[in-house]
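> The structure is given below, and queries will be raised subsequently.
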Amino acid sequence: MKPIPLILDCDPGHDDALAMILAAHNPALNLLGITTVSGNGGIAKVTLNARRVATLANIKVPIAEGAGKAILGAIEEASDIHGESALDGAELPEPKIELSALHAVDLMAKLIKDHSEPVTLVATGPLTNIALFLKMYPQLKNRVAEIVFMGGSASRGNRTPYAEFNIWMDPEAADVVLRSGLPLTMCGLDVTHQALVTKEIFTALEQMGTPLSSTIIGLLKFFAKTYDEVFEMPDPPLHDPVAIALLIDRSVVKSRHVNVQVELSGPLTRGATVVDIYQRLGEPANCNVALDLDFDKFWSMMLEAISKAAIKA
């Protein structure tokens with residue numbers, strides 16, 4: 001099969017950094033470009049982080065900076081989880097990857113227009129850039145094969161009791177995406193909380209013995225510390241790469257095709273994803289929701305990509 005062409009829209013972020021490495025260093029995928037959106041950190045921080053990670057892991061694709069605020073103007077950094085730089089825990093190289101002169105939304109449009117086949121959009125941060133693309137370039141909608149996003153939950157949240165951070169940051173953008181009519185796959189907390197960085201995974205990274213694996217260990221140890229402090233999870237979940245892994249092999253997750261909507265106004269539930277598992281609302285299904293993860297298959301992909309990136313770096 002031909003590699004799947006994709007654009008990764010992200011807010012690096014520890015787990016976004018690993019998603020970048022998996023997207024760039026698996027032969028089943030053809031990473032066309034990386035775009036950034038504010039989320040785990042402000043837009044300048046996450047864009048710098050994307051360029052630094054690309055330099056560290058030999059990722060040579062265009063990188064463009066995108067929206068610095070949600071559609072309604074909100075912004076909040078997840079410094080309690082990702083630190084002041086949004087990627088604390090290890091020293092990263094100064095970036096050698098130049099920033100595109102295009103805005104992220106315009107780079108998306110150019111890459112999609114110029115590619116010979118439909119392109120998959122993978123979002124691992126708030127959905128602001130994706131929603132803006134759909135509104136600004138409706139003529140290119142039929143050139144999008146699928147939108148895969150890390151966000152939401154069919155149960156509890158992690159920013160509020162019922163809202164996951166990425167969706168909570170810009171629920172209006174999520175609403176645009178969920179109403180787009182395009183093929184959608186949601187990788188929410190239900191599945192990503194199964195992608196744990198266990199002691200055995202740290203051991204496997206240590207055994208690689210490369211500068212890249214050492215840097216990743218530093219990043220993930222910081223991530224583990226904050227996750228334990230905030231969520232009482234000593235083994236942190238590597239959320240974002242799950243959205244990449246399922247493109248490589250759909251069997252890495254088990255999903256259900258159901259109706260998903262986002263709460264826009266509830267004072268206690270704004271940003272919550274309403275996942276109608278048992279079809280109680282009678283609304284048509286609009287989204288594949290990943291619920292179960294094949295842990296071994298996922299980590300086999302992730303470790304192999306880290307190993308390949310280290311060889312190329």
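We did not get these values from a lab; they are worked out from the coordinates using the rules stated. All of these numbers come straight from a predicted model, not from anything done at the bench. All Cβ positions, even for glycine, are placed from backbone atoms using ideal geometry, and neighbour counts span all protein chains on display.
> Which count do you get for residues in segment 158-181 that are in contact with a Lys or Arg (Cβ under 7 Å, 6 or more places away or on another chain) and in a loop (DSSP other than H, G, I, E, B)?
2
> Which condition does Leu72 not pass, out of (1) surrounded by fewer than 17 Cβ atoms within 10 Å (Cβ to Cβ); (2) within 18 Å of Cys10 (Cα to Cα); (3) hydrophobic (A, V, I, L, M, F, W, C), if it passes all the others?
Here Leu72 clears every test but (2).
> Which one of Lys141, Lys96 is touching a Ser or Thr at 6+ places or on another chain (Cβ under 8 Å), in a helix (DSSP H, G or I) and either surrounded by fewer than 16 Cβ atoms within 10 Å (Cβ to Cβ) or without any contact (Cβ under 8 Å) to a residue 40 or more places away in the chain (or both)? It would help to see each step written out before you state the result.
Values: Lys96 fails: in a helix (DSSP H, G or I).
After applying the criteria, what remains is Lys141.
> Check segment 199-207 and report whether any residue there is among the β-branched types (Val, Ile, Thr), surrounded by fewer than 16 Cβ atoms within 10 Å (Cβ to Cβ) and more than 19 Å from Leu264 (Cβ to Cβ).
Taking segment 199-207 and keeping what is among the β-branched types (Val, Ile, Thr), we get 201, 203.
Now restrict to residues that are surrounded by fewer than 16 Cβ atoms within 10 Å (Cβ to Cβ): 203.
Those still in the list that are more than 19 Å from Leu264 (Cβ to Cβ) too: 203.
Yes, segment 199-207 has at least one match.
> Next up: Identify, from the list Asn26, Asn40, the residue that is farther than 22 Å from Phe298 by Cα and not in a strand (DSSP E or B).
The match here is Asn40.
> Could we say that Gly218 is of a type in the set (Gly, Ala, Ser), touching a residue at least 40 places away in the same chain (Cβ under 8 Å) and surrounded by 19 or more Cβ atoms within 10 Å (Cβ to Cβ) here? Give the derivation first.
Numbers: of a type in the set (Gly, Ala, Ser): yes; touching a residue at least 40 places away in the same chain (Cβ under 8 Å): yes; surrounded by 19 or more Cβ atoms within 10 Å (Cβ to Cβ): no.
For Gly218, the condition - of a type in the set (Gly, Ala, Ser), touching a residue at least 40 places away in the same chain (Cβ under 8 Å) and surrounded by 19 or more Cβ atoms within 10 Å (Cβ to Cβ) - is not met.
> Let me spell it out: the conditions are (1) touching a residue at least 60 places away in the same chain (Cβ under 8 Å); (2) under 30 Å from Glu172 (Cα atoms); (3) under 19 Å from the mean Cα position of the chain (by Cα), and Arg250 meets all of them except one. Which number is the exception?
Tallying (1) touching a residue at least 60 places away in the same chain (Cβ under 8 Å); (2) under 30 Å from Glu172 (Cα atoms); (3) under 19 Å from the mean Cα position of the chain (by Cα), Arg250 fails exactly one: (1).
> Which of the residues spanning segment 278-310 are farther than 18 Å from Thr198 by Cβ, free of Cβ contacts under 8 Å to residues at least 24 places away in the same chain and either hydrophobic (A, V, I, L, M, F, W, C) or part of a helix (DSSP H, G or I) (or both)?
If the condition is that a residue be farther than 18 Å from Thr198 by Cβ, free of Cβ contacts under 8 Å to residues at least 24 places away in the same chain and either hydrophobic (A, V, I, L, M, F, W, C) or part of a helix (DSSP H, G or I) (or both), then Leu281 is the only one that fits.
> Here's another thing I want to ask about it. Looking only at residues that are under 22 Å from Ala245 (Cα atoms) and among the small types (Gly, Ala, Ser) in segment 29-56, which one is farthest from the chain's Cα centre (by Cα)?
Restricting to residues being under 22 Å from Ala245 (Cα atoms) and among the small types (Gly, Ala, Ser), the top hit is Ala54.
> Determine if segment 176-189 includes at least one residue that is more than 26 Å from Ala74 (Cβ to Cβ) and in contact with a Phe, Trp or Tyr (Cβ under 9 Å, 6 or more places away or on another chain).
Looking through segment 176-189, none of the residues is more than 26 Å from Ala74 (Cβ to Cβ) and in contact with a Phe, Trp or Tyr (Cβ under 9 Å, 6 or more places away or on another chain).
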